[in-house]
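Step one of this worksheet: look at the structure below.
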Amino acid sequence: MNRSSAPDAEPGTESDRLAERVREIEPQQIRVMFELASEYERETPDSDLVHLEFGEPDFDTPDRVVQAAVEAARNGATNYTSNAGLPKLRDAIAAKLSSERNRAVDPDSEVVVTNGGVEALHLAIHAVADPGEEVVVPTPAWPNPISQAKLAAAVPVEVPMPADRGFEPDPERIVNAIGPDTAAVLLTSPSNPTGRVFPAEAVERVVAAAADHGAYVLADEVYRELAYAELPPRAAALTDRDEWVLSINSCSKTYAMTGWRVGWLSGPADVLSQVETIHESTTSCVNTPAQYAAVEALTGPQEPFEEMRAAFRERRDYVVDRLESIPHVSAAEPEGAFYAFIDVSAFDGSSAEIAKRLLYDYEVVAAPGTAFGAGGEGHLRLSFANDLARLETGLDRLEKMVQTELNGE
Ligand SMILES: Cc1ncc(COP(=O)(O)O)c(C=O)c1O
């Protein structure tokens, strides 16, 4: 960039001191709500906010997993690992992926351990998108990949899914958005924020169209294990052109390990070898004891995680039932993840204004729909990663808001 010609920056001003790419990144609206809620709690000591904005399991990491990290650190596992990650962890990941695929995944060349799914996405986008190329993002979508595309000087192309069909994934719209400039197409299934799952045929269609254009599918499967019907097939297992699929996975949601920061990227060896190289310049490797914890999560007893899943399902059913009984609001049934994306368009104002009224007048914190792209206007994302009693209180208060603002009570 020619510094004297930054488009909207006065020379010598603060924005002139920042890279143009960085100036384009806005604070996430989910984070903004969290900050407003924290400020409210500081200023209103007797407040009783129901937090339904969080995107992380409310369970503690099971003790065996914590112990594995403690023991590893005590036994001297305190050095860097290779850029690609601990061999034992890559073996466990490859074994899991191979059991879900129609071919064996090579732990040495087709898996890189990353700092959560978020870094897997960051590395994938940086590895495949050239400046000016497009990254197709079906929305509503978790906003991070949009910022990551901008940081890579690529162009995020938002493709709204149909609001009138509960944001059901529409492969036609996605395929139509793929063109000669497309470097990558994001498929997040189950979706954050809608909880919708891509049917196998939809995934197949999108992968085929992307491959025809020499574009990669970024299959974000971090919520896959939290699908409430059958386990959705992995995108890479649905195609014989898996050289165009980069899969993003993580311990965060499945194993209640958000703070440990362990995820992974899997895909074709030629791309992954370069990803391994650029991983050196982002974070080098993932925290070593955390990688041992991930080995235990993947290979140890699965009962604690099954119990968490059962709890999420019970809450999902409760939230769906309650929303059906509240007039003027509705949501498509979440098929996975732990969010309900509620249509609140009957209320006055933008989704950001509605979220603020819900916070200040009813003490419930939710994320405004526009945090997930313009197509999310008129919606709120409510997370059910909270216990049933708090969910009941939160939904009672939403019902009260409906009665007060829409039923004139
Ligand atoms: C859709 C989606 N993908 C990826 C991630 C990344 O999670 P983590 O980096 O904790 O693995 C998140 C986190 O909220 C998410 O919602």
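Here the condition is being over 16 Å from residue 56 (Cβ atoms), aliphatic (A, V, I, L, M) and either touching a Phe, Trp or Tyr at 6+ places or on another chain (Cβ under 7 Å) or not assigned by TED's automatic domain parsing to the domain that holds residue 106 (or both); of 246, 218, it holds for 246 alone.
Please indicate, with yes or no, whether at least one residue in segment 49-72 is in contact with a Phe, Trp or Tyr (Cβ under 7 Å, 6 or more places away or on another chain), within 30 Å of residue 168 (Cα to Cα) and in the same structural domain as residue 290 (by TED's automatic domain parsing). No, that holds for no residue. The criterion of being modelled with pLDDT of 95 or more, within 16 Å of the ligand (Cβ to nearest atom) and surrounded by fewer than 18 Cβ atoms within 10 Å (Cβ to Cβ) does not hold for residue 214. Residues in segment 287-331 that are part of a helix (DSSP H, G or I), free of Cβ contacts under 8 Å to residues at least 12 places away in the same chain and not small (Gly, Ala, Ser): 303, 306, 307, 317, 321, 324. Residue 208 falls short of the stated requirement of being surrounded by 21 or more Cβ atoms within 10 Å (Cβ to Cβ) and touching a residue at least 12 places away in the same chain (Cβ under 8 Å). For segment 184-205, a tally of residues being surrounded by 24 or more Cβ atoms within 10 Å (Cβ to Cβ), out of contact with any helix residue (DSSP H, G or I) (no Cβ under 7 Å at 6 or more places or on another chain), of a type in the set (A, V, I, L, M) and not in a loop (DSSP other than H, G, I, E, B) returns 0. Take the residues in segment 238-281 that are out of contact with any Leu (no Cβ under 9 Å at 6 or more places or on another chain) and of a type in the set (A, V, I, L, M), then tell me which one is farthest from the ligand (Cβ to nearest atom). Among residues in segment 238-281 that are out of contact with any Leu (no Cβ under 9 Å at 6 or more places or on another chain) and of a type in the set (A, V, I, L, M), the one farthest from the ligand (Cβ to nearest atom) is 269. Tallying residues that are surrounded by fewer than 23 Cβ atoms within 10 Å (Cβ to Cβ), touching a helix residue (DSSP H, G or I) at 6+ places or on another chain (Cβ under 6 Å) and assigned to a helix (DSSP H, G or I) within segment 365-387 yields 1. Restricting 188, 139, 194, 182 to residues that are hydroxyl-bearing (Ser, Thr, Tyr) and either more than 14 Å from the ligand (Cβ to nearest atom) or touching a Ser or Thr at 6+ places or on another chain (Cβ under 6 Å) (or both) narrows the list to 182.
Apart from one condition, residue 164 fits all of (1) assigned to a helix (DSSP H, G or I); (2) touching a strand residue (DSSP E or B) at 6+ places or on another chain (Cβ under 6 Å); (3) farther than 25 Å from residue 214 by Cα; the exception is (2). Once segment 77-125 is narrowed to residues that are among the basic types (Lys, Arg) and modelled with pLDDT of 95 or more, the residue that is surrounded by the most Cβ atoms within 10 Å (Cβ to Cβ) is 90.
Taking the listed residues 230, 225, 168, the one that is within 15 Å of residue 334 (Cα to Cα), within 14 Å of the ligand (Cβ to nearest atom) and surrounded by fewer than 24 Cβ atoms within 10 Å (Cβ to Cβ) is 225, with no other qualifying. Taking the criterion of being under 15 Å from residue 274 (Cβ atoms), of a type in the set (Ser, Thr, Tyr) and either within 14 Å of the ligand (Cβ to nearest atom) or assigned to a helix (DSSP H, G or I) (or both), the only residue of segment 99-136 that qualifies is 114.
The number of residues in segment 87-140 that are within 28 Å of residue 159 (Cα to Cα) and among the acidic types (Asp, Glu) comes to 4.
If you go through segment 42-79 and pick out every residue that is assigned to a loop (DSSP other than H, G, I, E, B), in contact with a helix residue (DSSP H, G or I) (Cβ under 7 Å, 6 or more places away or on another chain) and more than 17 Å from residue 257 (Cα to Cα), you end up with 7.
Residue 345 meets all of the listed conditions (1) among the polar types (S, T, N, Q); (2) touching a residue at least 12 places away in the same chain (Cβ under 8 Å); (3) out of contact with any strand residue (DSSP E or B) (no Cβ under 6 Å at 6 or more places or on another chain); (4) not in a loop (DSSP other than H, G, I, E, B) but one, namely (4).
The values are calculated or read from the model by the stated rules, or taken from the named source; none is laboratory data. Note that the coordinates shown come from a computational prediction; the quantities given were computed from them, not determined experimentally. We place every Cβ from the backbone using ideal geometry, glycine too, and count neighbours over all the protein chains shown.
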